[in-house]
Amino acid sequence: MADEPHILLVDDEREIREPLASYLSRNGVRVTKAENAAAARQMLSAYAIDLVLLDIMMPGEDGLTLAGFIRATTQVPIILLTAKTEEMDRVVGLEIGADDYVTKPFSPRELLARIKAVLRRAGESRVRAPDADTYGFGPWLLKTGERELVGEDHVAIPLSTGEYNLLHAFVTHPRRVLSRDQLLDLSQGRELAAFERSIDNHISRLRKKIELDPSNPKLIKTVWGGGYMLAAEVRRL
């Protein structure tokens, strides 16, 4: 990634898109704008994008559908821009693999801080990747070189940056009870410590991806009063 991160801002409302793009540009961010999902897809294929700021509510193809496409085809981090009334959409967006969300109306300064935090975590993950270790647990393989989670059917399961970092923390500390604070540190997420949804939401999303029955997890277990634990044996391959 260049010194100036390149962000794709996708929002159909010009009165939000233009001032926000101007603010980010004044603060060291290169911004490419798209007014709808079709334009965003073109920009994603034309440019090396470091992060997508994505409005959920758009005419035509909505932001959730576009987020699913982005996560299925790339590892580009996603921050959702949502309205206060869109709680269920935010949950779905996080389950799809978005890395964070900001509720409208938002402070541009807060959004810039979120952008920097997500980009920092994504960059740290890329720094770790060249070790190219593979960790086996249960029916899964976590390949750190490719940053992929692969099942017994050899199909890769898309992971957001936060999900990957958290799972990496678990497989490198198996059968240990890890508190939320420890998980924040190990997953390089200390900057999000003020947002209580961070760890619990990532755990919930991971369970939906790796557990046979997410409501009765056998791999990532909750230790009441303590935190969470990867209960499976881990094989370093």
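The values are calculated or read from the model by the stated rules, or taken from the named source; none is laboratory data. These numbers come from a predicted model, not from an experiment. Note that each Cβ is placed from the backbone with ideal geometry, even for glycine, and that neighbours are counted across all protein chains shown. Accessible surface areas use protein heavy atoms only, side chains included; no ligands, DNA or RNA. Shrake-Rupley method; radii C 1.70, N 1.55, O 1.52, S 1.80 Å.
Could you pull out the residue among 85, 73, 65 that is hydroxyl-bearing (Ser, Thr, Tyr) and touching a helix residue (DSSP H, G or I) at 6+ places or on another chain (Cβ under 8 Å)? Before you say what the answer is, go through the steps one by one.
Working: 85 fails: touching a helix residue (DSSP H, G or I) at 6+ places or on another chain (Cβ under 8 Å); 73 fails: touching a helix residue (DSSP H, G or I) at 6+ places or on another chain (Cβ under 8 Å).
Checking each option against the conditions leaves just 65.
Do you know which residues across the range 68-88 are of a type outside the set (Ser, Thr, Tyr) and under 21 Å from residue 113 (Cβ atoms)?
Passing the criteria: 76, 77, 78, 79, 80, 81, 83, 84.
Taken over the range 1-46, the residue count meeting the criterion of being in contact (Cβ under 8 Å) with a residue 60 or more places away in the chain and of a type in the set (Val, Ile, Thr) is 3.
Filtering the range 77-86 to residues that are modelled with pLDDT under 90, open to solvent by less than 30 Å² (accessible area, probe 1.4 Å) and either under 14 Å from the mean Cα position of the chain (by Cα) or among the hydroxyl-bearing types (Ser, Thr, Tyr) (or both) leaves only 82.
Selection of the range 73-109 for residues being closer than 16 Å to residue 17 by Cα and either charged (D, E, K, R) or in a helix (DSSP H, G or I) (or both) yields 104, 108, 109.
Total residues in the range 161-179 satisfying the condition of being of a type outside the set (A, V, I, L, M) and in a helix (DSSP H, G or I): the figure is 7.
Out of all the residues in the range 1-15, which are crowded, with 19+ Cβ neighbours inside 10 Å and in a strand (DSSP E or B)? So that I can check it myself, show each step before the final result.
Filtering the range 1-15 for residues crowded, with 19+ Cβ neighbours inside 10 Å gives 5, 7-11.
Scanning the range 1-15 gives 7, 8, 9, 10.
Just wondering, is there one or more residues in the range 107-123 that are over 17 Å from residue 9 (Cβ atoms) and open to solvent by 50 Å² or more (accessible area, probe 1.4 Å)? Looking through the range 107-123, at least one residue is over 17 Å from residue 9 (Cβ atoms) and open to solvent by 50 Å² or more (accessible area, probe 1.4 Å). Scanning the range 16-69 for residues that are surrounded by 17 or more Cβ atoms within 10 Å (Cβ to Cβ), within 19 Å of residue 107 (Cα to Cα) and β-branched (Val, Ile, Thr) turns up 29, 31, 52, 56. Pairing residues of the range 164-189 that are closer than 21 Å to residue 136 by Cβ and at pLDDT 85 or above with residues that are among the β-branched types (Val, Ile, Thr) and not in a loop (DSSP other than H, G, I, E, B), at Cβ distances under 7 Å and at least 6 apart in sequence or on separate chains, gives 170/220; 171/234; 174/234.
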